[in-house]
Amino acid sequence: MSKAIGSVFGAGGNASTSMYGSENEILKYLNNYDTTNYDNTLKNLVSYAANASNQLSNMGDYNFSVDGSDAARKRAEQATYQSYLDKLQPQFANQTSDLQTSLANKGISIGSEAYSRAMSDLQDSQNAALNQAAYQATLAGQDAFSNSLSDELRAAGFTNAAQSSYINQLLQALQNSYSGYDIAMDKFNVQYGADHRIDQNRFANAQSAINFGNDLIKLGLSGSQDAASKAASAGAMAAFSDIRLKENITAVGKLDNGLTVCLFNFKGSNTPQIGLIAQEVIKQKPEAVVEDSDGYLLVRYDIACQ
């Protein structure tokens, strides 16, 4: 029940200590917001995500590296080389037979220098053809390796994309669901902001009252009708002045109308206060005294100080 001096004289500050209309409106909206569908949907989605996540083990592992098939390369090389051989060997046999017949017709005998030189030239030509066949086989093997590597990359990419798509589907299913929890947090934030502002305003009002009371003390309220008029003009708010709420009461002067100005402190507070006693005021100016719901008396100082 502690009251600052300024509050006794109705100078309690004017900062709002109740919720603003906008705060009441948003809280009313939030309180009436039906989240049933959201909550049920979120519950279903969470269940779906949990069940679906159990299937992740069936998706296989991600592929972080791939390699072409060396076996495919070897098969391609061998097949290509064998294909060339299948064509070249009959040709080589015919070429050798034709050359031998031609040399014999020309009277060049086997073992002669001309015969050996002719056969050597044919063999060089045939070796060159075999080398070309080996080269083409190598190219074919490289192509086969590259193709197998591309196939592996495509397969890995498809697997990874499928895995990512599945996980993203789960994540997206859990998004954009506005739940009862969200509403509760919004309500908390609004209420917390209002409570914080109200507490600050109450403090500002109390400080204003204390500052006003200090000004009254500086003015020398005791015996001063002018000071009493200043107090009355500060506001018409009724202030607790019931003697049952006060202690350490000491008379410090009188108003011109005879009412005693006392120094005291409210029970439960060590802060010195200055003001009137309601039980005395009610005898002289009953119209300046009101009673609260608990039966304690309050004084309208704007009336009492007249």
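The values are calculated or read from the model by the stated rules, or taken from the named source; none is laboratory data. Source: prediction; values computed, not measured. Every residue, glycine among them, receives a Cβ derived from its backbone with ideal geometry; neighbour counts consider all protein chains shown. Each accessible area value is taken on the protein alone, full model and side chains, heavy atoms only, with ligands, DNA and RNA left out. Shrake-Rupley method; radii C 1.70, N 1.55, O 1.52, S 1.80 Å.
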> For residue 224, are the conditions met, namely being at pLDDT below 70, more than 19 Å from residue 277 (Cα to Cα) and small (Gly, Ala, Ser)?
Replying inline: no
>> Just to be sure I understand the filter: pairs with C-beta atoms under 6 Å, separated by 6 or more residues or on different chains, first member in the range 20-34 and under 13 Å from residue 180 (Cα atoms), second member aliphatic (A, V, I, L, M). Which pairs pass?
In response: 30/183; 33/183
> So which residues in the range 289-306 are within 58 Å of the chain's Cα centre (by Cα) and not β-branched (Val, Ile, Thr), if there are any at all?
Replying inline: 291, 292, 293, 294, 295, 296, 297, 298, 300, 301, 302
>> Suppose we keep only residues that are at pLDDT 75 or above and open to solvent by 70 Å² or more (accessible area, probe 1.4 Å) within the range 47-69. Which one would you say is farthest from residue 152 (Cα to Cα)?
In response: 51
> Residues in the range 150-173: is at least one modelled with pLDDT under 75 and not in a helix (DSSP H, G or I)?
Replying inline: no
